[in-house]
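What follows is a set of notes on a single structure, which appears directly below.
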Amino acid sequence: MDQFGISELADWLEANNNQLLDKTALMPTDKVLAAIDYLKVLAQPAAAYLVMKQGSYDREESDHKLNLMADERPLGEVEDRIMVNHVDGSITKDEINFTYNHEPVFDNGYQAKKDLNIVKFGLEVIGAVATSGHLATITAALSRDAAVTLIVAAARFRQWQEA
């Protein structure tokens, strides 16, 4: 993954939206994990967060935007989602701010399209500033819980595809 890879991944997800939803194209979870690893927001490799206990993550790394309700359950089972919905500020001055909102993905059963949109839109917003090459600024500004959400949403969507 490089500074352009996140935007390219977001573009691919958008171009293949219908194929992803009808399960003729699979969510490239390995590329989502690589994008999160590239951002250097999390202390461990992205794949480790799917099996990490919610309580451990909450105590050691969370920025407490996610509602983590089951200390002994893995993060991969979290039903709360934090969508990266906007970025503003000045990348040239290394002053950016991401904004977030909670997205209900499990209201009335699992809604795969919402997880897909969380991943697509989050990567699109992050990718827009990642192309600047100001990685340290992005790393400092991006919520760890939002990064975990991208991991969990991509993995859960892929699980839904393979069911």
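The values are calculated or read from the model by the stated rules, or taken from the named source; none is laboratory data. Given the structure is predicted, the values throughout are model-derived calculations rather than measurements. Using ideal geometry, Cβ is built from the backbone for each residue, glycine included, and neighbour counts are taken over all protein chains shown. Accessible surface areas use protein heavy atoms only, side chains included; no ligands, DNA or RNA. Shrake-Rupley method; radii C 1.70, N 1.55, O 1.52, S 1.80 Å.
Using θ = phi - 60° in the Karplus curve 6.51 cos²θ - 1.76 cosθ + 1.60, the 3J(HN,Hα) couplings for segment 64-74 round to 6, 8, 7, 8, 9, 9, 9, 3, 8, 8, x Hz; x is entered for Gly and Pro.
Accessible surface area normalised per residue over the chain is 48 Å², counting heavy atoms of protein chains with a 1.4 Å rolling probe. Rounded to the nearest 0.05, the FRET efficiency derived from the C-beta distance between N67 and K93 at R0 = 41 Å is 0.75. Ranked by the mean number of other Cβ atoms within 10 Å of their residues, highest first, the peptides 96-102, 41-47 fall in the order 41-47, 96-102.
Find how many whole Å separate the alpha carbon centroid of segment 1-64 from the alpha carbon centroid of segment 70-142. So the two Cα centres are separated by 10 Å. Could you please state how large a percent of the accessible area of segment 31-88 is carbon and sulfur, counting protein chains only and using a 1.4 Å probe? Here it works out to 50 percent.
First measure r as the distance between the Cβ atoms of T131 and T24, then evaluate 1/(1 + (r/R0)^6) with R0 = 25 Å and state the FRET efficiency to the nearest 0.05. E between T131 and T24, to the nearest 0.05, is 0.30. Residues whose amide H comes within less than 5 Å of that of Y100, counting only those at least five positions distant or on another chain, are N85 (H built at 1.01 Å from N in the peptide plane). Computed on the chain, with alpha-carbon pairs under 8 angstrom and 6+ residues apart, the relative contact order is 33 percent. Within segment 8-76, the trypsin sites (Lys or Arg not before Pro) that combine a DSSP coil assignment with at most 14 other C-beta atoms in a 10 angstrom radius are K23, K40. Straight-line cross-link partners of K113 among the lysines, defined as a Cα under 28 Å from its Cα and at least 8 positions apart when in the same chain: K23, K31, K40, K53, K65.
Taking a ≥ b ≥ c as the square roots of the eigenvalues of the Cα gyration tensor of the chain, is the shape rounded (a/c under 1.5), prolate (a/b larger than b/c) or oblate?
oblate
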